[in-house]
Amino acid sequence: MGKKITLTIDDRQVTAFEGEKLLWVALENDIYIPHLCAIKEEERPSASCRLCFVEVEGFSHPVTACTQEVYAGMIVKTRSPRVDRLVKSAFELLLSDHRLECAKCPKNRSCELQKIAKERKLKLRLTRLKPLEKEYAIDESMGSFVFDPSRCVLCGRCVYVDHQEVEVGAIGFTHRGLQRKVTTFGGGLLADSPCTGCGRCVEVCPVGALFFTDKAG
Ligand code: FES
């Protein structure tokens, strides 16, 4: 990590190490920036959820905080009309591909979509887009946890821990664009995959797509 530097986020001076990613610097200083796909240990974040936009003085366009490195004298604003518009659109896009049944969901009240909606005063329902209404089979084959792909927001956290942390490789992304989904290789049940049932993927899932059967994950 680089040398210690000072930057300003929302008029607050904070210290960080040069080269750290802005998202984590902000969160560690209790400055909230919405985020779903970022993983602190990941060197090259996918920046796929598009929720962590911020303004950086001197930059012509908002940037994603999960990919932006901090530097001395950097001046950041986490909110602006442009940022709010981008976050609102990205959030609605995520909702359009996520079965919204909060009352029935095991992650109700601990879901990160609910947290983002509350923090940014966003509606947890679609206003401009139509739901994609993809119905996928629920996989209960592991017994200790359930995978409901219709609630998945494709953040990739489960795939990351499966591959990089526990190094099992039971799940991955298939297809591109609107058909993109997390699945086992070959599309079969988790119980028929190399999955060891360690539950790390369940622990990192920000929504109700992966949940323990005996407790909300
Ligand atoms: Fe930055 Fe998802 S957290 S794009």
Exercise. Could you work out the helix-only [θ] at 222 nm for the chain, with each DSSP H run of four or more residues adding -39,500 (n - 2.57) and the total divided by the number of residues, to the nearest 500 deg cm²/dmol?
Worked result: -5000 deg cm²/dmol
Problem set entry | Protection-proxy order for peptides 79-92, 145-158, each taking the mean of Cβ atoms within 10 Å per residue, highest first | 145-158, 79-92
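Using 0.36 nm times the number of residues separating residue 114 and residue 180, minus their current alpha carbon distance, what extension gain do you get?
Taking 0.36 nm per residue and subtracting the Cα distance, the gain is 21.5 nm.
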For this session: Measure off 7 Å from each Cα along the Cα-to-Cβ vector at residue 138 and residue 61, then give the distance between these two points in nanometres to one decimal.
Result: 4.1 nm
Exercise. What residues qualify as long-range amide H neighbours of residue 213, i.e. H under 5 Å apart, gap of 5 or more or another chain, H built at 1.01 Å from N?
Worked result: 145, 146
Problem set entry | Relative contact order (%) - the range 72-185, alpha-carbon pairs under 8 angstrom, separation at least six | 20 percent
Exercise. Which ³J(HN,Hα) values, rounded to whole Hz and listed in residue order, are derived for the range 23-39 from phi using the Karplus coefficients 6.51, -1.76 and 1.60 in 6.51 cos²θ - 1.76 cosθ + 1.60 with θ = phi - 60°, glycine and proline given as x?
Worked result: 4, 6, 5, 4, 4, 5, 9, 6, 10, 7, 10, x, 6, 10, 8, 6, 10
Problem set entry | Charge tally in the Cβ shell below 12 Å around residue 118, where Lys, Arg are +1 and Asp, Glu are -1, residue 118 excluded | +3
Seminar exercise, completed: If each K or R counts +1 and each D or E counts -1, the residues other than residue 4 whose Cβ falls under 15 Å of its Cβ total -3
Exercise. What is the packing order of peptides 5-18, 193-206, taking the mean over residues of other C-beta atoms within 10 Å and listing the highest first?
Worked result: 193-206, 5-18
For this session: Show 101, 57 ordered by accessible area, largest first, where the area counts protein heavy atoms only and the probe is 1.4 Å.
Result: 57, 101
For this session: Taking the chain as the reference, fit the longest principal axis to its C-alpha atoms, fit the long axis of helix 81-96 to the helix C-alpha atoms, and give the angle between the two in degrees, 0 to 90, nearest 10.
Result: 0 degrees
For this session: Would you mind telling me the share, in percent, of accessible area of the chain contributed by carbon and sulfur at probe 1.4 angstrom?
Result: 51 percent
Seminar exercise, completed: Diffing the range 48-62: the Karplus 3J(HN,Hα) column from phi (6.51, -1.76, 1.60, θ = phi - 60°), in whole Hz with x for Gly and Pro, holds 8, 7, 6, 9, 9, 5, 9, 9, 10, 4, x, 9, 6, 10, x
Exercise. For residue 52, which sequence-distant residues (separation of 5 or more, or a different chain) have an amide H within less than 5 Å of its own amide H, given hydrogens modelled in the peptide plane?
Worked result: 65
Exercise. Which of the lysines could be linked to residue 4 by a straight reach, that is with a Cα gap under 26 Å, when you skip same-chain ones fewer than 8 residues away?
Worked result: 21, 40, 77
Exercise. Residue 30: net charge of surrounding residues, Cβ under 15 Å, Lys/Arg +1, Asp/Glu -1, itself excluded?
Worked result: -2
Problem set entry | Surface accessible to a 1.4 Å probe, per residue, for the residues of the range 135-183, Å² | 50 Å²
For this session: Using θ = phi - 60° and the Karplus relation 6.51 cos²θ - 1.76 cosθ + 1.60, list the HN-Hα couplings for the range 137-154 in order, rounded to whole Hz, with x at every Gly or Pro.
Result: 5, 7, 9, 10, 5, 7, x, 7, 8, 10, 10, 10, x, 5, 9, 6, 10, 6
For this session: For the chain, calculate the relative contact order in percent as a whole number, restricting contacts to Cα pairs under 8 Å that are 6 or more residues apart.
Result: 17 percent
For this session: Sequence neighbours fewer than 8 away in the same chain don't count; with that in mind, list the aspartates and glutamates whose C-alpha is under 17 Å from residue 121.
Result: 84, 92, 112
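The values are calculated or read from the model by the stated rules, or taken from the named source; none is laboratory data. Quick caveat: nothing in here was measured; it's all calculated off a predicted structure. Positions of Cβ are backbone-derived with ideal geometry, glycine not excepted, and every protein chain shown enters the neighbour counts. Accessible surface is based on the protein model in full, side chains and every heavy atom, while ligands, DNA and RNA are left aside. Shrake-Rupley method; radii C 1.70, N 1.55, O 1.52, S 1.80 Å.
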